[in-house]
Structures are given as C-alpha cells and as structure tokens.
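Below is one structure, written out as structure tokens, with a few remarks after it.
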Amino acid sequence: EVLKPLPSIAGLNRLQPVVKITGVEMDPKDAGDAWVNLEIDEAVNARTGRRSGLYGLKLLMNGREVARDPDDPDAPLPRTLAEWRKVNRTETDNGHYNYQLRVTIPSDGKELEFSAYAFNEDRVKSESAFFSWKPPPRRLGQKPRQRRAFVLTIGVDAYAEKRLDLNFAVADARLIGERLTAIPGYEMRRASLTTSATRAVTSEHIQNALSLLGGLQVEAAREMLTAAGHDVAQLEEASPDDVVIISFSGHGFADKSGNFALLPSDARWPLNSTGPALDTTVTADDLTLWLRYINAGDIAFIIDACHSGAAVDTPDFKPGPMGDPGLGQLAFDKLIRILAATQADDVALESANLRQGLLTASLSEGLEPGTGNLRADENEDGAVGLDEWLRYAVERLPSLNEEARRGGTAMAARGVRLVMRTPAAPPRVQEPSLFDFSTEDSPVIVRRR
C-alpha cells in the first residue's frame, strides 16, 4: 500500500495564535447562561511579516465543547484545507480579536473549568487557555434546573425498496425505550421514530428530531415530525444538566474508503449498484452537523447497524484536539459515547429467536437481574452506570452471537458485505466497539437494583 505523501514541515505555518480567556460573567437577562470573554492575537513573524491567521475557535466547559466560532449550521463539512479555511476563518482587527461566547451552564453551582483554543491557517493548534470560574449563588427562590433524560429511539424495518426490509429494528427501538423508562434522578422525556405500514422514517425526520434536542428551528421541526405521524412532544433543547441517549436500528453501509451512512426508510439502492445513493442516506457528515448543537451533560449514541464502527473509526481519524471534521472528531470534542454494533468492515445481525438485533439484546440483558445484581453492574454496588451498561454490551455480544449460532438461530444482516468471504471461511463473530474519549465515567445511573 502506498501511503499519502506528507506535507513539508518546512513549508508549514507554525505561528500559533494566542488565545486568552479574560473573564466569565452571568447573563443578566437569563440566569442559566453566562458570557465568556476572550482575547485572541494573531502571531506575526517580525522578519517576514507572515501571520498565523485565526481559524476554528473552540470553547470547552469541563472538557466538553460548548461553542465555536465561526459557527454556520448550514456550512458543509470541509474536506480540503482550502475548504476548511473558508468555513473556519475569523477576521481580526489588525491581528487582534475580542469576542464573547454565550453558553448555557449547569445549575448545580459547581466550579466550572473553561478552556479555549484556535488554529492557524495550516491547522496548527494554539496553546489552550484555561479559566476556572464558580457561578454566583442562586438568587432567593431560584431553584436548580430540573434534570431531564431524553431518550430518542429510531427503528427502521420498512424500506421503500422492499428487498431491504428488516424484521426487528422497530422492536429494538421499543425495547431500548422500555429499558430506559426510568433513569434515577431525571425527568424522563421519550420519543421514538419508527416505521409502520403508513409511517416512514426519512433522513429529514432524523435531522428534525436531533434539531429539537439542539434547539434549532424548533417550531418547524416539531410541526414537520407531527405531520409525519411521529410523537415528539417530549423533545426539547437539552441543557448541561440533562442526559441524551439516542439509538438507531436499521441498515448501515460503509464503502471501501470507510465512508459510513445509515439508511432511512426512503433510501435508494439500485440493484446494480455497489452501494446506496448517498444523497438518500444519513451520512456520518450529516450526523456530525446534526449532533453538534446538542449541549447535554452526557450524550450516548447507540448504532445497531452494519459497518457502524466506520462511523468513528475512519482511516484518517486520530483522537485529539484537532481541526479535522468528522463524527470521530465531534465525539472527541463533545465527549459523545458512541456504541457501534460492529467493526468497520463487518455486519450487524438480528436474531429470529431473540427477535432483536444482537447489540440491542445485549443491552437489554445488561439491565436484567443476574445473580443478586443487575447483569451490567460491574462493581456490584446495586446500580448500573451509563458506562457500565455500554461496556457490558461490548463484552457480552460476541458470546451471545456464538450462542445464537450454536443454537441454529436464523440471523439476518443489517447491511450488505462489501467483500464476500469464501464459503469455506469460518463465520465471523460480531464484535461491537465503544468509542469513549472521556477521562472518567459518567455520573448517570441508568438503573438501580
């Protein structure tokens, strides 16, 4: 294999913009928001006059990205350096830039750690700026914000192209919703997008549901989903006090380059084509744009579909504070936990005996009673944390796959293999992947004994 040529280090602009956080203050008009004040200076080479430029400013709160500048929700994800510069450039006043970013803060009154960084014209990152700030005491009579758990489950059995129909994706969505009917300490907010004989789940439906959680075009999104037959009355803009859990069950696809897509019910896949028409799918780029505006305290995304590991594990992605686009980078920046049913090059299965996808069946089993404790309760403290639950599915699914094979259970793939194995090749065990770039476990408890 011939590797890509590396850019010349000698020709790279290594001048770093200087980012400072100069203060944080409460918004006098909204007690739940704060303004973060920043000062940025371009670096200048005194000898050549070359400037660093200012691109892709990011603001993080407790290690999670909460704002960026520029921030155009309609801008496509850039693929080339020239496109990246166009989308992320910030004009400065003679090399200096003063800016305020408004962020919603948790209502628990705990000290917050803000950090910020930017990039130069060649995507070289600046040093990170840090600022610790404790919100002032709440005003008399002001109560903490109600913590909410948003559970959005998506299941696609019925496709416009009938040869793609599945049997148990809708059952998966229902089961995940049933298992998460009560998360201790949170007000439950549930919604489900599922197909039926008269109801579709299109890419636009998925985009609008995520827009509700991100606070974008809320009225239009709710009206459109309601007209399509989906009950999303309980979905609202998420806050840092909330947890968001999203699941998708249905077909997935990845091409030879690792580009990943989910197939909504109206996806087109011509018979003689090696893949679906991407403009009818939900691509990883789409998910990156739609998830970017959800600013919950914890976010988990479960993908029970073929090749789902390719959603994050793309050939060029390396975890780090970089300016690269993509769902993996977003998962790193926003600490989104992504549980993928399979490796990038393999299929996800659904079982006729279990009447579920194997990933969903593993997740469901994790919240069932075991020998004294819930099965996913690793530390046997009587409670299953969000991380414990996701990790249990990763550990359990391969053995569940083997049990189903030995029992002669009929299983169907949620996708199409790009390279078919020879008949003599042994069956491959489905192996899920958990992408979690956080440094500590989530405080969210999904079930108590």
Exercise. Could you check residue 294 against (1) open to solvent by 60 Å² or more (accessible area, probe 1.4 Å); (2) within 27 Å of residue 59 (Cβ to Cβ) and say which number it fails?
Key: (1)
Practice problem: Hey, can you tell me all the residues within the range 261-274 that are in contact (Cβ under 8 Å) with a residue 40 or more places away in the chain and either open to solvent by less than 10 Å² (accessible area, probe 1.4 Å) or hydroxyl-bearing (Ser, Thr, Tyr) (or both)? | Solution: 262, 263, 264, 265, 267, 274
Quiz item: If we only count strands (runs of 3 or more DSSP E) wholly inside the range 94-175, which ones have 3 or more residues that are closer than 14 Å to residue 32 by Cα, more than 25 Å from the chain's Cα centre (by Cα) and not β-branched (Val, Ile, Thr)?
Solution: none
Quiz item: Are there any pairs, at least 6 apart or on different chains, whose C-beta atoms fall under 7 Å, with the first in the range 231-242 and in contact (Cβ under 8 Å) with a residue 60 or more places away in the chain and closer than 16 Å to residue 207 by Cα and the second open to solvent by 10 Å² or more (accessible area, probe 1.4 Å) and part of a loop (DSSP other than H, G, I, E, B), and if so, which?
Solution: 238/295
Quiz item: Conditions: (1) open to solvent by 20 Å² or more (accessible area, probe 1.4 Å); (2) at positive phi; (3) touching a helix residue (DSSP H, G or I) at 6+ places or on another chain (Cβ under 6 Å). Residue 62 meets all but one. Number of the miss?
Solution: (3)
Quiz item: So which residues in the range 326-373 are in contact with a strand residue (DSSP E or B) (Cβ under 9 Å, 6 or more places away or on another chain), open to solvent by 20 Å² or more (accessible area, probe 1.4 Å) and either at pLDDT 80 or above or among the charged types (D, E, K, R) (or both), if there are any at all?
Solution: 332, 335, 345, 368, 373
Quiz prompt | Qualifying residue in the range 67-77 (condition: open to solvent by less than 20 Å² (accessible area, probe 1.4 Å) and in contact (Cβ under 8 Å) with a residue 40 or more places away in the chain) | solution = no
Quiz prompt | Number of the exception - residue 225 against (1) at pLDDT 95 or above; (2) assigned to a loop (DSSP other than H, G, I, E, B) | solution = (2)
Self-check item: Any pair with Cβ under 9 angstrom, 6 or more apart, that starts in the range 138-159 at a residue that is under 20 Å from residue 195 (Cα atoms) and touching a residue at least 12 places away in the same chain (Cβ under 8 Å) and ends at one that is hydrophobic (A, V, I, L, M, F, W, C) and open to solvent by 70 Å² or more (accessible area, probe 1.4 Å)
Solution: 158/197
Practice problem: State the number of residues belonging to the range 176-210 that are part of a helix (DSSP H, G or I), more than 14 Å from residue 249 (Cβ to Cβ) and open to solvent by less than 10 Å² (accessible area, probe 1.4 Å). | Solution: 2
Quiz item: Of all residues in the range 228-254, how many are closer than 22 Å to residue 265 by Cβ and either of a type in the set (S, T, N, Q) or at pLDDT below 95 (or both)?
Solution: 7
Quiz item: For the range 271-293, which residues satisfy the criterion of being in a loop (DSSP other than H, G, I, E, B), more than 13 Å from residue 334 (Cα to Cα) and not small (Gly, Ala, Ser)?
Solution: 271, 272, 274, 276, 281
Exercise. Report whether or not residue 33 is surrounded by fewer than 17 Cβ atoms within 10 Å (Cβ to Cβ) and closer than 19 Å to residue 285 by Cβ.
Key: no
Practice problem: Any residue in the range 307-325 that's farther than 27 Å from residue 357 by Cα and at pLDDT 80 or above: show its pairings with residues that are open to solvent by 10 Å² or more (accessible area, probe 1.4 Å) and of a type in the set (Lys, Arg) at Cβ separation under 9 Å, as long as the two are six or more apart or on different chains. | Solution: 320/125; 321/58; 321/125; 322/123; 322/125
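The values are calculated or read from the model by the stated rules, or taken from the named source; none is laboratory data. As the structure is a prediction and not an experimental result, all values here were calculated from the model. As a convention, Cβ positions derive from the backbone with ideal geometry for all residues, glycine included, and neighbour counts pool all protein chains shown. Just the protein is used for accessible areas: all its heavy atoms, side chains included, with ligands, DNA and RNA removed. Shrake-Rupley method; radii C 1.70, N 1.55, O 1.52, S 1.80 Å.
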